1. Which condition does R312 not pass, out of (1) assigned to a helix (DSSP H, G or I); (2) under 20 Å from the mean Cα position of the chain (by Cα), if it passes all the others?
2. Can you tell me which residue is farthest from R329 (Cα to Cα) among those in region 175-193 that are in contact with a strand residue (DSSP E or B) (Cβ under 9 Å, 6 or more places away or on another chain) and not in a strand (DSSP E or B)?
3. For region 1-38, how many residues are within 21 Å of Y115 (Cβ to Cβ), without any contact (Cβ under 8 Å) to a residue 40 or more places away in the chain and in a loop (DSSP other than H, G, I, E, B)?
4. On the given criteria, is A206 in contact (Cβ under 8 Å) with a residue 60 or more places away in the chain, more than 23 Å from the chain's Cα centre (by Cα), assigned to a helix (DSSP H, G or I) and over 18 Å from D292 (Cα atoms)?
5. In the list Y295, Y340, which residue meets the criterion of being among the hydroxyl-bearing types (S, T, Y) and closer than 25 Å to E254 by Cα?
6. Residues that are under 19 Å from the mean Cα position of the chain (by Cα): which helices (runs of 4 or more DSSP H) entirely in region 39-152 hold 1 or more of them?
7. Sort through D259, D217, D287, D292 and tell me the only one that's assigned to a helix (DSSP H, G or I) and surrounded by fewer than 22 Cβ atoms within 10 Å (Cβ to Cβ).
Amino acid sequence: MRVLVTGGAGFIGSEVCRQLVLRNHAQVVNFDKLTYAANLASLAPIEALSSYAFERHDICDREAVDFVFGAYEPSAVIHLAAESHVDRSITGSAAFISTNVLGTHTLLEAARRYYDQLPRLRRKQFRLIHVSTDEVYGSLGPADLFREETPYRPSSPYSASKAASDHLALAWFKTYGLPVIISNCSNNYGPYQFPEKLIPLTILNAIEHKRLPIYGDGSNVRDWLHVEDHAAGLIKLLSEGQPGEKYNFGGDSERTNLDVVTQICDVVDRLRPASAARRSLISYVPDRPGHDGRYAIDASKARRELGWQPTRTFEEGLVETVDWYLNSRAWWERARTGIYDGSRLGLLATQH
């Protein structure tokens with residue numbers, strides 16, 4: 001099996017590539033533009049293997065996408081190339097529309113042309129996994145869960161762009177018969193995550209004894225899923241998922257943002273003791289515009305139809321993640337010092 005992974009140098013994409021090659025003995029073609037959040041160092045465990053290839057291109061470049069399909073003839077695609085940080089979408093939505101909407105359209109059209117030319121048996125085996133987010137569903141009340149049939153109500157430019165790409169993917173299945181499968185996941189965490197997201201940003205700030213900002217009162221709730229478990233679910237879709245279907249992946253680990261930050265403080269204090277408790281670094285800042293209150297995933301369909309389930313608790317995964325960042329300075333220091341210094345993003349003029 002040869003799998004084309006778009007966005008394979010990103011956080012989730014690199015984990016998918018590593019698992020495909022090292023655990024599933026698949027051949028992988030990593031298609032990535034190498035934007036600010038990409039890091040080829042995340043592929044170090046597989047970069048020298050003959051079963052791994054890297055192609056640097058923009059997902060919006062139709063000629064490049066056609067070339068990769070023709071040169072490598074993949075048996076499946078896992079589409080992860082995307083702009084993903086909500087804060088950046090608030091003040092720079094154009095990149096999200098370009099990559100997430102137009103890029104997905106480019107891939108779907110190239111995949112359709114490729115798929116239509118495949119022999120019958122290879123057409124039967126071909127799958128395109130379109131990876132999305134639970135943010136497309138909008139904000140939940142205190143008791144409900146997101147299910148595959150939950151209506152879309154995106155709140156941010158990021159989630160709106162992902163909702164649009166989901167609709168495109170499903171339309172390409174219904175109109176053209178392209179065997180697309182859509183996945184929607186809860187918040188991912190784990191090693192190799194670019195330090196603009198809540199967990200790695202908090203870990204690094206705690207390590208460096210910097211302020212730990214929390215939006216609003218910290219009561220926003222997210223369901224947390226370890227990236228290794230998410231990647232394993234995406235790979236299961238290649239063989240077990242049904243074209244035209246949607247699958248939600250969640251970690252059954254709802255936590256408020258304040259709970260997450262305080263847990264990180266306690267873990268860092270335990271692993272890297274300091275004279276003052278890291279909780280003293282917590283500060284509250286003006287909330288993000290359009291900040292959804294709660295996300296929570298019902299992953300029973302994935303459990304039932306794929307035999308998938310998370311393999312670790314949030315507490316176990318968080319300790320592993322903090323330990324990884326403590327021992328991986330060479331990986332994150334490049335991003336921290338040369339690309340993103342940890343300052344707040346997504347501030348509108350009225351919030352300054």
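Any read-out appearing in this document is the output of simple, stated calculations on the displayed coordinates, not a laboratory observation. Keep in mind it's a predicted model, so treat the numbers as computed, not measured. Every residue, glycine among them, receives a Cβ derived from its backbone with ideal geometry; neighbour counts consider all protein chains shown.
1. (1)
2. Looking at residues that are in contact with a strand residue (DSSP E or B) (Cβ under 9 Å, 6 or more places away or on another chain) and not in a strand (DSSP E or B), I get L178.
3. 1
4. On the way: in contact (Cβ under 8 Å) with a residue 60 or more places away in the chain: yes; more than 23 Å from the chain's Cα centre (by Cα): yes; assigned to a helix (DSSP H, G or I): yes; over 18 Å from D292 (Cα atoms): yes.
Answer is yes for this residue.
5. On the way: Y340 fails: closer than 25 Å to E254 by Cα.
Residue meeting the stated conditions: Y295.
6. On the way: elements: 62-72, 86-91, 93-96, 103-116, 120-125.
Fully inside region 39-152 and qualifying: 86-91, 93-96, 103-116.
7. D259
So that you can scan it fast, the table gives a plain yes or no per residue for (1) free of Cβ contacts under 8 Å to residues at least 60 places away in the same chain; (2) in contact with a helix residue (DSSP H, G or I) (Cβ under 7 Å, 6 or more places away or on another chain); (3) under 13 Å from L4 (Cβ atoms); (4) exposed (fewer than 14 other Cβ atoms within 10 Å of the Cβ):
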{"site": "R62", "(1), (2), (3), (4)": "yes, yes, no, no"}
{"site": "V68", "(1), (2), (3), (4)": "no, no, yes, no"}
{"site": "H79", "(1), (2), (3), (4)": "no, yes, yes, no"}
{"site": "V86", "(1), (2), (3), (4)": "no, yes, no, no"}
{"site": "I97", "(1), (2), (3), (4)": "no, yes, no, no"}
{"site": "P119", "(1), (2), (3), (4)": "yes, no, no, yes"}
{"site": "F126", "(1), (2), (3), (4)": "yes, yes, yes, no"}
